[in-house]
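The values are calculated or read from the model by the stated rules, or taken from the named source; none is laboratory data. Keep in mind it's a predicted model, so treat the numbers as computed, not measured. Cβ placement follows ideal geometry from the backbone for every residue including glycine, while neighbour counts extend to all protein chains displayed. Ligands, DNA and RNA are excluded from the accessible area calculation, which covers all protein heavy atoms including side chains. Shrake-Rupley method; radii C 1.70, N 1.55, O 1.52, S 1.80 Å.
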Amino acid sequence: MERMAPAGQWFILVVASLVLGIIFQTFHVPAALLLGPMIIGVIMGLLGASVRIHPLFFKISQGILGCMIAQSLSPSILPPLLNDWPLVLMVLVATLLASGLSGWLLVRFSQLPGPTGAWGSSPGGASAMVAMAGDFGADVRLVAFMQYLRVLFVATAAAFVARMAMGDSASLAAAVVWFPPLTWRFFATLFLALAGVWLGPRLRIPSGALLLPAVVGAVLHSTGTVTLEVPEWLLAMAYTLIGWSVGLRFTRPIFKLALRTLPQMIASIIGLMLICGGMAWVLTKLLGVDMLTAYLATSPGGLDTVAIIAAGSHADLGFVMAMQTLRLITILATGPAMARFISRSAVPASSST
C-alpha cells in the first residue's frame, strides 16, 4: 500500500471507515464512529499506508470532545467524589500500583528497557505519556505502540461491554439530529475548543486541548453563561479523526520492532484491564454506581476514547470523566518516579541468569 498515491490511500481510508462505521451503527455498537475508523486505520497502517492525521487536527478534535464532555460535567458530580474520597483515593492508588506492577513485570520478563516499559504501561492519557517518555530515556516509538495498543484493546472491550450493558435499549435510543440549526452558541463553542488547543501547550497542561475546554466549558455551561452547542456532524468528524490518529500509528516498522515483546505487552494490557475491571466491581458495591459507569471510570486509558464511549452509552459521563481526570493527574505526578524505580529494580530475567 506504500506504493499507492496518497489520494488513493485517503479514498480507501474514508470509504472503508464509513462502511465499517455504518455497520457498527446498524448493530448499535457504542462509539461506532470511533471504532470503525480506528480499526481501518490499524489495518492500513500495518499494510504500509503513508497518510497521517496532522497533530493539529487531532488536538482540535480533542478540543471538540472537551466541549462535548463539558455539557455533562456539573457541580453535582463533586459530592459523590468528596463524600467517598477514601474509596476514590483507594482506586487511584490501586490503579497506580497495578500499572507499576504491570510495567515491572513487563521489563522483568521481556527485552524492553526499564523506562520504555514503565511509560508504555502507564494508564494515563496516551498522548501525554508519549510526549513525556522521551525526556526520561524511553524509546518513544515503542511507548507510542504500547500506549495505543492498550487504547485499541480498552476501546474495543469498553465498547462491547457498553453494548452488552445497554442490551435491547440500544435500539430504543432517540433519533439523532445530524444537522440542527446553528446559533451563535455554536461559534462560541468552536472558539472555546480552539482556545484550548492554543492554550494547552503554552500552559504546559497535559492533554490540555481536551481538559481546558472541558473544565472551562463546564463552568460556562452549568452556570448558564453559555449553553454549549456541539452538533452531531461535528462530533462525528472529531471521533473519526481521533480514530484515524490512533489507528495509523500502528505502522509495520514499529510492529516489527515490538514483535519480540508483543506477547508480553498483550499479557500486560489484559492483566491491567482485569485488575481495573475488579476495581469497577468494587465501586458498584461500595458507591452504588452501575457497572458500565464503574467500568469506564476505571478503564486504563485513553481519556478521549473512554469519553466517546461513555457519551454513546447510558453511563454517567460526569462521574467517568472525574475519575479518569483524577487518575491522569495522579499518573502524571508520579510517572517519573515510577519509571526510575522500575528502571533500577526490574532486572530482566534473561540477564540475571
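Tell me, please, whether a residue that is modelled with pLDDT of 85 or more, open to solvent by 70 Å² or more (accessible area, probe 1.4 Å) and either of a type in the set (D, E, K, R) or closer than 25 Å to Leu149 by Cβ (or both) can be found in region 224-231.
Within region 224-231, not a single residue is modelled with pLDDT of 85 or more, open to solvent by 70 Å² or more (accessible area, probe 1.4 Å) and either of a type in the set (D, E, K, R) or closer than 25 Å to Leu149 by Cβ (or both).
Results for (1) touching a residue at least 40 places away in the same chain (Cβ under 8 Å); (2) of a type in the set (Gly, Ala, Ser), shown as yes or no for each residue.
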{"position": "Ala7", "(1), (2)": "no, yes"}
{"position": "Ala31", "(1), (2)": "yes, yes"}
{"position": "Pro79", "(1), (2)": "no, no"}
{"position": "Ala94", "(1), (2)": "yes, yes"}
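Right, Ile40: within 30 Å of Leu274 (Cβ to Cβ) and within 18 Å of the chain's Cα centre (by Cα) or not?
Judged against the criteria, Ile40 is a match.
Under the condition of being open to solvent by less than 10 Å² (accessible area, probe 1.4 Å) and in contact (Cβ under 8 Å) with a residue 60 or more places away in the chain, which residue from region 268-291 is farthest from Leu33 (Cα to Cα)?
Only one residue tops the list, namely Leu283.
Search region 322-343 for residues that are basic (Lys, Arg) and pair each with any residue that is at pLDDT 75 or above when their beta-carbon atoms are under 7 Å apart and the residues are at least 6 apart or on different chains.
Arg327/Leu92; Arg327/Thr95
Quick check on region 213-232. Is at least one of its residues touching a residue at least 24 places away in the same chain (Cβ under 8 Å), under 16 Å from Leu56 (Cα atoms), part of a helix (DSSP H, G or I) and within 20 Å of the chain's Cα centre (by Cα)?
yes
Can you tell me which of Leu101, Leu92, Leu96, Leu47 is at pLDDT 90 or above and farther than 26 Å from Glu232 by Cβ?
Leu47
Would you call Val230 β-branched (Val, Ile, Thr) and under 30 Å from Gln9 (Cα atoms)?
Yes: the conditions hold for Val230.
State yes or no: is Ser17 touching a helix residue (DSSP H, G or I) at 6+ places or on another chain (Cβ under 8 Å), more than 18 Å from Ala307 (Cα to Cα) and buried (at least 17 other Cβ atoms within 10 Å of the Cβ)?
Yes, satisfied.
Any idea which of Val246, Val282, Val289 is over 18 Å from Ala157 (Cα atoms) and either in contact with a strand residue (DSSP E or B) (Cβ under 7 Å, 6 or more places away or on another chain) or in a helix (DSSP H, G or I) (or both)?
Val282
Would you check if there is a residue in region 242-257 being within 22 Å of Phe186 (Cβ to Cβ) and surrounded by 21 or more Cβ atoms within 10 Å (Cβ to Cβ)?
yes
If Ile205 satisfies all but one of (1) out of contact with any Leu (no Cβ under 7 Å at 6 or more places or on another chain); (2) surrounded by fewer than 18 Cβ atoms within 10 Å (Cβ to Cβ), what's the number of the condition it fails?
Every listed condition holds for Ile205 apart from (1).
Given the structure, is Thr298 at pLDDT 85 or above and more than 21 Å from the chain's Cα centre (by Cα)?
Judged against the criteria, Thr298 is not a match.
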